[in-house]
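The structure appears right after this line, and notes come after that.
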Amino acid sequence: MINFNYQNKTKIIFGKGQHKGIGALIKPYSNKILLHYGGGSIKKSGIYDEVIASLKAENIEIIELAGVKPNPRLTLVREGIELCRKNDINFILAVGGGSVIDSSKAISMGVSYPSDVWQLFETGKKPVSALNIGTILTIPAAGSESSGNSVITNEEKQLKIGYGSELLKPVFSVINPEICLTLPHNQMANGVSDMMSHIMERYFTNTLHTDVIDGLCESVLRTIMKNGRTLNKNLGNYDAWAEICLGGNIAHNGLLGVGRDQDWACHAMEHELSAIYDIPHGAGLAILTPFWMRYVCHDNMNMFLQFAVNVMGVEGGFRDQEEIVMEGINRLEAFYKELSLPTTLVEVKIDKTNLEIMAKKAAGNREIGGLKILKWQDVLNIYQLAL
Ligand code: NZQ
Ligand code: ZN
C-alpha cells in the first residue's frame, strides 16, 4: 500500500423527499443563486417546481441557466460565467447529472479567472477560487456529485478535457433515488457502466497489499451488477435505485482509490470517442473496457484472476489461469450486452476513419494507464480490436 491523505468535504443528504429541503440547505451559503439544469427532464418530472418552491420559501433569488447537453459544452459554460459575474452570484445549484454538475463546476472556477476558462482545462493550472456548488443528483453515473472533476467539451476544437481540483467538490449533494424513477433504460445502463468503470479504473493496479480496498471494490461492483440486473427488468424498483445511487457515489468519491496506483486508460480513450462522436460516456466505456482488459491482462494476471473469481464468480483449477481470466472478461462483456449496451464501435457508428487521430489525441504527447502504460500505438490497437 502506498501513502495517502484522504478527505471528502461533500456532505451527502440521501433518501426520499430530501430535495424538498433544498432552500434551507442553501440558505447558510447564499441568498442569490444560479440554478443550472439540462434539457427539461426536471420540468417533466416535477422536480423543478419542488425546487423552486423550496428556494422561494427561503427567499432565495434565482437566476436560471438551462440547456446543458450530455457531454457539456464550453459555450454554455462561458454564458454561465458571464451571468454569474453580471448578477454577482456566489452559489450554483446544479440539478441534473454529471453533465450539469460538471458545467456548474467549470462556471464556478471561471467566474474569478481573469482569462478564458478553457485555459484552465488546457493547462491544468489551479483556479484562483471557485464559487460554492450544491447539487441535486438526477442520474447516478458520473459520480460528479462528490468528485473534484469537471469534464467539458470544446465543440469548436472537438476536444473533451477533464479537470480536477479540490476546490470543485460540491459543498453538499442531495441524492434521492426516487428522482431516478423517471430515467429511461439506456440512461440506467450508461450509468451502471460508468460507475463500474470508476471502480475498475482504481481496482486494476500493480500496487500490492491493497486488500481492504480490493474487497470494497469487489463488493461494490457485485452490488452494482446485481441491482443493475434488477433495474434491467424493472426500472420502477426504488430499493435497487437506492443501491445503485449509493454504489455510484462510493465508486467515485475517492475512497476506492486510496493507497494504490490507479489506471484511467479506459476513461482517457473514451473521452476521445465522446469528443468527436458525441456518444454517451457509459456506452463508450462498455465498448472499450473488455478490449482494454484483453490487451493488458498478461501484464498482471493475478489482478485479473482475482477479478474473475471475486467479482465475476468464475470457478476453475490452478492450471486454468488464462481460461479463468478470459472467462471473467467475457462475463463482463456479456453483462453489458444483457443491459443492451453496445460492445463494439460499429454499433455506435464509429468506423476506422478517425481511430489514429483519436489515439494520438489520447496518448500522443503523453503515456496513459497504470497497470500497463499505453502509448498512442497501443491505444490505436485497442480501438482497432474494438471495431
Ligand atoms: O438534460 P435532461 O433533460 O435533464 O436529460 C438528461 C440527459 O439527457 C437525462 N436525465 C438525467 N436525469 C434524468 C434524466 N432523464 C429522466 N429522468 C431523470 N431523473 O439523462 C441524460 C444524461 O445526463 P448526463 O448528465 O449527461 O449523464 P451523466 O451523469 O452520465 O454525465 C455524463 C457526463 O459526465 C462526465 C462524462 O464524461 C459526461 O460528460 N463525467 C464526469 C465525471 C466527473 N465530473 O467526476 C467523471 C466521469 O468519468 C465522467 O467522465
Ligand atoms: Zn466516467
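Annotations
- Search result, residues across the range 95-116 that are within 16 Å of ligand 2 (Cβ to nearest atom) and not in a helix (DSSP H, G or I): GLY96, GLY97
- Selection status of GLY164, surrounded by fewer than 22 Cβ atoms within 10 Å (Cβ to Cβ) and within 14 Å of ligand 2 (Cβ to nearest atom): yes
- Pair list, Cβ under 7 Å, 6 or more apart: the range 331-359 residue within 26 Å of TRP376 (Cα to Cα), other residue open to solvent by 90 Å² or more (accessible area, probe 1.4 Å) and not charged (D, E, K, R): LEU355/GLN384
- Test for SER340: is it in the same structural domain as VAL212 (by TED's automatic domain parsing), assigned to a helix (DSSP H, G or I) and small (Gly, Ala, Ser): no
- Residue list for the range 33-58, restricted to those being aromatic (Phe, Trp, Tyr) and either near ligand 1 (Cβ under 7 Å from one of its atoms) or not in a helix (DSSP H, G or I) (or both): TYR37
- ALA240 vs. criteria at pLDDT 95 or above, away from ligand 2 (no atom under 16 Å from the Cβ) and buried (at least 20 other Cβ atoms within 10 Å of the Cβ): yes
- Failed item in (1) touching a residue at least 24 places away in the same chain (Cβ under 8 Å); (2) not in a helix (DSSP H, G or I), with PRO28 passing the rest: (1)
- For the range 200-238, a residue qualifies if it is out of contact with any Phe, Trp or Tyr (no Cβ under 8 Å at 6 or more places or on another chain), of a type in the set (A, V, I, L, M, F, W, C) and within 24 Å of GLU178 (Cα to Cα), and the qualifying residues are VAL220, ILE224, LEU235.
- Meets criteria (surrounded by fewer than 22 Cβ atoms within 10 Å (Cβ to Cβ) and under 21 Å from LEU371 (Cα atoms)) for LEU221: no
The values are calculated or read from the model by the stated rules, or taken from the named source; none is laboratory data. In this text, all values refer to a predicted model and were calculated from it rather than measured experimentally. In this analysis, Cβ positions are derived from the backbone assuming ideal geometry, glycine residues included, and neighbour counts consider all displayed protein chains. What goes into the accessible areas is simple: the full protein's heavy atoms, side chains included, and nothing from ligands, DNA or RNA. Shrake-Rupley method; radii C 1.70, N 1.55, O 1.52, S 1.80 Å.
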